[in-house]
Amino acid sequence: MKFKSLFIVIILSFSFILSGSSSIKTPEEFFGFKPGTDRMLFDYGELIKYFKLLDKSSPKIKLEQIGISPMGKPIYIAFISSEKNISNLQNIKKTNRKLAIDPGISDEELDKILKDTPVSFLATLSMHSGEVGPSQAAPIIAHDLVTSGREDILGWLDNVVMLMVPNHNPDGMDMVIHHYWKYKDKKYEGSYLPGVYHKYVGHDNNRDFVTLTQTDTKAIAGIYNLEWFPQVMVEKHQMGSNTSRYFVPPNHDPIAENIDAGIWNWAGIFGANMIKDMTKDGLAGVSQHYFFDDYWPGSTETCIWKNVIGFLTEAASVKYATPVYIEQNELRGYGKGLSEYEKSINMPLPWDGGWWRLGDIVKYEISSTYSILKTASNHRADILRYRNEICRKEVERGSRSAPYYYILPITQHDQSEMVSLVNLLHEHGVDTYYLKSDVVFSGRKFNKGDVVVPLSQSFRPFIKEVMESQKYPVRHYTPGGKIIKPYDITSWSLPLHKGVKSFMIDKPSDEISSSLIKNSPDFTIRSSPSANFTHLIFPVRNNESFQVAFRAKSSGIRVERLKSSMKIGEEDYEKGSFLIKNSENSKLKKILSTLNVSPGYINISNKLKTVEFTIPRIGLVETWFHDMDSGWTRFVFDSYSIPFTVIRPADIKGLNLSGKFDVIIFPDARPAVLKKGKYKSGSDYFSPSYPPEYAKGMGSKGLKKIIEFIDKGGIVVSWGASTGLFMGEHEIKNSSGITESFSFPVSDISGKAKKSGLYCPGSFVKINLKKDHPLTIGMGDSCGIFFRGTALFSTSIPNFDRDRRVIGKFPKDKILLSGYCEKEEVLENKSVFVWLKKNKGQLVLMGFNPQFRASTGGTYKLLFNSILLEKLK
């Protein structure tokens, strides 16, 4: 009887499992179409509804919210594995953490961990929202994994927990999908989404994984920095349509030199298995060692600096869900590993052309994902062992080889940027400490309270990478031949970019080590006032002071600025520092509660010479052409509570500019896009793939209105490529009604510099600043700027109602601070930051981005000072 009862229980249980799996709606049943079907897409809300259905219907999947997008949408992660692993997630999480950051695990404990702990594999999908394929494939992959009875898949799920982020960028996904729906079945089906597919930064969300400015970036980075510590990670992307069909690792040179060789080797193993398995599945055109280098941090794969085996894949794109037909002779290789589109070791099975569909992308995504799962499963114990081995290795390197520490003096030119840097390191899972007493090392005194970042930590590669200045690893295609140019930028040093003084300690020191006390996660430099005070004063050299001033003024609180530098009590305060009267105002108290750096608490009996702080009316020009630099500017302004109005170029000619704005800002955008709504290559213009109502520029009439705005007393601030708008001759009707032609006393010599060999692909360089000028208030005598060689200026002696001042120019030597620059000497003594006057108006031109990707806090004040210029009388 017992045997019979047990048999019945087993049969009933098995029947329940089968019926439970088969009762889960397939993606086709749920969405009403099979994902990947031509011209059919679901949006983010529908995607998450399906994952919630799976979560409710299967014990093999668990859905959790991990963050909020910049526009308020919830971001989710789906854990997919065996029922046993899903029920044990919290223990797996603890074990992952231990493997990642504990170098003291005994061999016995490690053997126990290796016996039955699954590999954690993170997959983040479609962060670039025009790259719809990975997220559209996600429901098929998830459904197959939780319902399949295939023996191999069941084995994978025993050995692997997949941590799938079904969509990395919910805001952008809905923007793109809804745009596609809007134009579907119409002439402009498949057209580009006007604007950025994000609240702020668009494609640059994959450049934010060092500075972590965006909430979606924070949510994803937190998975591997602080929470789950996965051992394997893939970020799934798409690329252009007319090249290989799919890219898998390994990447092309150059590669990051601070990364352990094992990371590259493991990425190669995963990539080799992907190209093998995908080819076996009949998927042609898979490439590797092609185009994409892995030198710079900032993408999601910044996880490799945290000892995660991380890589990306790239699928050839269609027009969202609209198929494209590609002729065989339209297929191209683009250098860096695939100079010709031919059979090669980097693409052993070329695709022959023809129709390419979203359904094809979905097939490639499924095949590549399953290959990663299989490789992680087959190498489970080795991958887990390696994770702890590299932890031990990096901690050991930090204790036995230079650098041993980085020390940030507590006294800085801009203390708020130093606090920001320390808290950013904490967000990256890095421990920081402070000195409990003064220490003298190699003849230099470090003071009590100075911040110390030891390198003897498991995330040593990241610490070293972001704390040192960068030196590009020059590699060549052939001996003595052309260099392999970088894919993106070449400098990301946090101390340099933030203008924070940092000292590298290249020898071990027991005195330093014995004086360390760990900082709290929320690091501040705050103190309470020692006595009653009448006013708070905020030093102009701190970026946070500008933030306070804008927030306070916007809240109706009176803010004043010092008209000259002065000593108050024991402290010196520079001209332009902000003054607020102490009060019980609840809005002021709220602002003060958010401070990272204490203000000065002062008593004033006599009236100081001040001027009331006012906020100008700001217009920010933003094109519809995926204008990321303007988006970053919007983000910085929102972060500092700076009010602004977005102006589209085509609207300029119809606006009363002087009646609406005091300041107009032109971020980095091409003059042809701003003027004509077209791209330009050489002397040829070509139209973009936007609906025509968005492909419009300001025209000559719009530019004329901008110049007249300046002539009437307006202020224009321009940087990067947009400075080209103001070169050459202009014709306006002046305030007297007379038509006049004139040129500003400046010209752009960047083209000439490039012909002389200048090549500066996003590097950090030094400039000297003009002292005692309104544009350099709060700055030192020199600073570093993020420079790409976009604009370089030569000024001339002006005529009539024009004038100019060189505000920033390159020194005569030692220009490069971090990154890479060819023919650096071409920059010597050249101007890159100029102020110009026309009648009663002012024009500020910068050949660099002062707010580059919200990562260059050291030059924010140049932007703030520009928008706060006093009008000429």
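The values are calculated or read from the model by the stated rules, or taken from the named source; none is laboratory data. Because the structure is predicted, anything quoted here is derived from the model rather than measured. A quick note on method: Cβ atoms are made from the backbone with ideal geometry, for glycine too, and the neighbour counts reach across all protein chains shown. For the accessible areas, the whole protein counts, side chains as well, though only heavy atoms, and no ligand, DNA or RNA atoms are used. Shrake-Rupley method; radii C 1.70, N 1.55, O 1.52, S 1.80 Å.
Summary table below
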| read-out | value |
| --- | --- |
| Some residue of the range 647-659 being under 24 Å from V548 (Cα atoms), at pLDDT 95 or above and not small (G, A, S) | no |
| Residues that are within 27 Å of Q412 (Cβ to Cβ) and among the charged types (D, E, K, R), drawn from the range 584-616 | K589, K590 |
| Matching option when the condition is modelled with pLDDT of 95 or more, of a type in the set (V, I, T), over 21 Å from R357 (Cβ atoms) and open to solvent by less than 10 Å² (accessible area, probe 1.4 Å), among I259, I275, I269, I309 | I309 |
| Residues satisfying the stated conditions in the range 494-524, i.e. closer than 19 Å to L425 by Cα, among the hydroxyl-bearing types (S, T, Y) and open to solvent by less than 30 Å² (accessible area, probe 1.4 Å) | none |
| Hits in the range 208-217 - residues which are part of a helix (DSSP H, G or I) and buried (at least 23 other Cβ atoms within 10 Å of the Cβ) | D216, T217 |
| Filter pass, A376 being in a helix (DSSP H, G or I), open to solvent by 10 Å² or more (accessible area, probe 1.4 Å), hydrophobic (A, V, I, L, M, F, W, C) and under 30 Å from K276 (Cα atoms) | no |
| Among (1) in contact with a Phe, Trp or Tyr (Cβ under 7 Å, 6 or more places away or on another chain); (2) under 27 Å from K306 (Cα atoms); (3) open to solvent by less than 10 Å² (accessible area, probe 1.4 Å), the one test that I220 misses | (1) |
| Pairs, first touching a residue at least 40 places away in the same chain (Cβ under 8 Å) in the range 110-128, second assigned to a loop (DSSP other than H, G, I, E, B) and of a type in the set (A, V, I, L, M, F, W, C), C-beta under 9 Å, six or more apart | I113/I105; S120/W228; S120/F229; L122/W228; L122/V308; S126/V132 |
| Flag if P103 is open to solvent by 10 Å² or more (accessible area, probe 1.4 Å), under 22 Å from Y224 (Cα atoms) and not aliphatic (A, V, I, L, M) | yes |
| Cross-chain or 6+ apart pairs with Cβ under 7 Å, the range 176-196 first and more than 17 Å from D38 (Cβ to Cβ) and open to solvent by 100 Å² or more (accessible area, probe 1.4 Å), then part of a loop (DSSP other than H, G, I, E, B) and of a type outside the set (S, T, N, Q) | Y192/P688; Y192/Y690 |
| Filter result (part of a helix (DSSP H, G or I) and within 14 Å of E314 (Cα to Cα)) within the range 246-291 | G271, M274, I275, M278 |
| Selection count where residues are surrounded by fewer than 22 Cβ atoms within 10 Å (Cβ to Cβ) and either touching a residue at least 60 places away in the same chain (Cβ under 8 Å) or on the phi > 0 side of the Ramachandran plot (or both), scope the range 791-812 | 3 |
| Helices (runs of 4 or more DSSP H) (entirely within the range 82-147) containing at least 3 residues that are of a type in the set (A, V, I, L, M), over 30 Å from E28 (Cβ atoms) and touching a Lys or Arg at 6+ places or on another chain (Cβ under 6 Å) | none |
| Complete set of residues in the range 559-584 that are assigned to a loop (DSSP other than H, G, I, E, B) and either more than 23 Å from L775 (Cα to Cα) or open to solvent by less than 70 Å² (accessible area, probe 1.4 Å) (or both) | V559, S564, G569, E570, E574, G576, S577, N582, S583, E584 |
| Residues satisfying the stated conditions in the range 346-373, i.e. open to solvent by 40 Å² or more (accessible area, probe 1.4 Å) and among the acidic types (D, E) | D352 |
| Residues that are buried (at least 17 other Cβ atoms within 10 Å of the Cβ) and either without any contact (Cβ under 8 Å) to a residue 60 or more places away in the chain or not hydrophobic (A, V, I, L, M, F, W, C) (or both), drawn from the range 628-647 | D629, S630, G631, T633, R634, F637, Y640, S641, F644, I647 |
| Test: residue in the range 56-63 that is in a loop (DSSP other than H, G, I, E, B) and among the charged types (D, E, K, R) | yes |
| Single condition K830 does not satisfy, out of (1) open to solvent by less than 20 Å² (accessible area, probe 1.4 Å); (2) under 30 Å from I483 (Cα atoms) | (1) |
| Residue in the range 610-618 that is open to solvent by less than 30 Å² (accessible area, probe 1.4 Å), aliphatic (A, V, I, L, M) and in contact with a helix residue (DSSP H, G or I) (Cβ under 7 Å, 6 or more places away or on another chain) present | yes |
| Number of positions in the range 325-335 that are open to solvent by 20 Å² or more (accessible area, probe 1.4 Å) and either hydrophobic (A, V, I, L, M, F, W, C) or in a loop (DSSP other than H, G, I, E, B) (or both) | 3 |
| Out of R380, R397, R387, sole residue that is over 25 Å from P297 (Cβ atoms) and either modelled with pLDDT of 95 or more or among the polar types (S, T, N, Q) (or both) | R380 |
| Extreme residue, farthest from Y290 (Cα to Cα), among residues of the range 336-353 that are part of a loop (DSSP other than H, G, I, E, B) and among the small types (G, A, S) | G353 |
| Matching residues in the range 494-520 - criterion: being in contact with a strand residue (DSSP E or B) (Cβ under 7 Å, 6 or more places away or on another chain) and in a helix (DSSP H, G or I) | L496, H497, E511, I512 |
| Single residue of the range 497-549 satisfying the filter (in contact with a Leu (Cβ under 9 Å, 6 or more places away or on another chain) and of a type in the set (K, R)) that is farthest from A402 (Cα to Cα) | R526 |
| Residue match in the range 537-547 (condition: in contact with a helix residue (DSSP H, G or I) (Cβ under 9 Å, 6 or more places away or on another chain), among the small types (G, A, S) and in a helix (DSSP H, G or I)) | yes |
| Selection status of S527, in contact (Cβ under 8 Å) with a residue 24 or more places away in the chain, of a type in the set (G, A, S), open to solvent by 50 Å² or more (accessible area, probe 1.4 Å) and within 30 Å of L455 (Cα to Cα) | yes |
| Some residue of the range 230-245 being within 30 Å of V395 (Cβ to Cβ), in contact with a helix residue (DSSP H, G or I) (Cβ under 6 Å, 6 or more places away or on another chain), open to solvent by 10 Å² or more (accessible area, probe 1.4 Å) and assigned to a loop (DSSP other than H, G, I, E, B) | no |
